[in-house]
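This report concerns only the one structure given below.
The values are calculated or read from the model by the stated rules, or taken from the named source; none is laboratory data. Just so it is clear, the structure is predicted and the values come from calculations on it, not from any experiment. Every residue, glycine as well, gets a Cβ built from its backbone with ideal geometry; the counts of neighbours run over all protein chains shown.
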Amino acid sequence: MAQTTEVQGDGQKVTGLLYKDRATDEMHSVALEGIFVQIGLLPNSDWLKGSVELSPYGEIIVDAKGQTSLPGVFAAGDVTTVPYKQIVIAMGEGAKASLSAFDHLIRTSAPA
């Protein structure tokens, strides 16, 4: 994973980017002509450690129905291992996880 530290330009356009490799702390420079800004790449899942299985990147590991490693607990959105962190995909995954949770609830007996 990389952390952008500086966007470089000539006063008219973008010319390069400086970034830090998070694994090695090494700085790198890349010549380029444009950038796309993306935010929210680090999942806010520390509070779940020890409750559900997380990937090495801190994403909640889910199956095809959005089920986590804890039965009856479902997750969706950019915090999960689902690829392509896009709003439209997160919305669809949220719908799928909620339907899966509903299905789980109607098929599971309540504790006595």
Output the number of residues of region 64-79 satisfying the condition of being in contact with a Pro (Cβ under 8 Å, 6 or more places away or on another chain) and of a type in the set (A, V, I, L, M, F, W, C). 1
Options Ala95, Ala64, Ala75; residue that is touching a strand residue (DSSP E or B) at 6+ places or on another chain (Cβ under 6 Å) and at pLDDT 95 or above: Ala75
So which residues in region 2-41 are closer than 30 Å to Phe74 by Cβ and either in the same structural domain as Ala90 (by TED's automatic domain parsing) or β-branched (Val, Ile, Thr) (or both), if there are any at all? Ile39
Any chance region 49-61 includes a residue that's β-branched (Val, Ile, Thr) and more than 30 Å from Thr108 (Cα to Cα)? no
I'd like the full set of residues that are in a helix (DSSP H, G or I) and of a type in the set (Val, Ile, Thr), limited to region 90-110. Ile106
Test result for Ser55, of a type in the set (Ser, Thr, Tyr), closer than 24 Å to Ala2 by Cα and within 19 Å of the chain's Cα centre (by Cα): yes
Which residues, taken from region 31-84, are among the hydrophobic types (A, V, I, L, M, F, W, C) and exposed (fewer than 10 other Cβ atoms within 10 Å of the Cβ)? Ala31, Phe36, Val37, Ile39, Trp47, Ala64
Considering only residues that are among the small types (Gly, Ala, Ser) and part of a loop (DSSP other than H, G, I, E, B), look in region 1-30 and name the one that is surrounded by the fewest Cβ atoms within 10 Å (Cβ to Cβ). Gly11
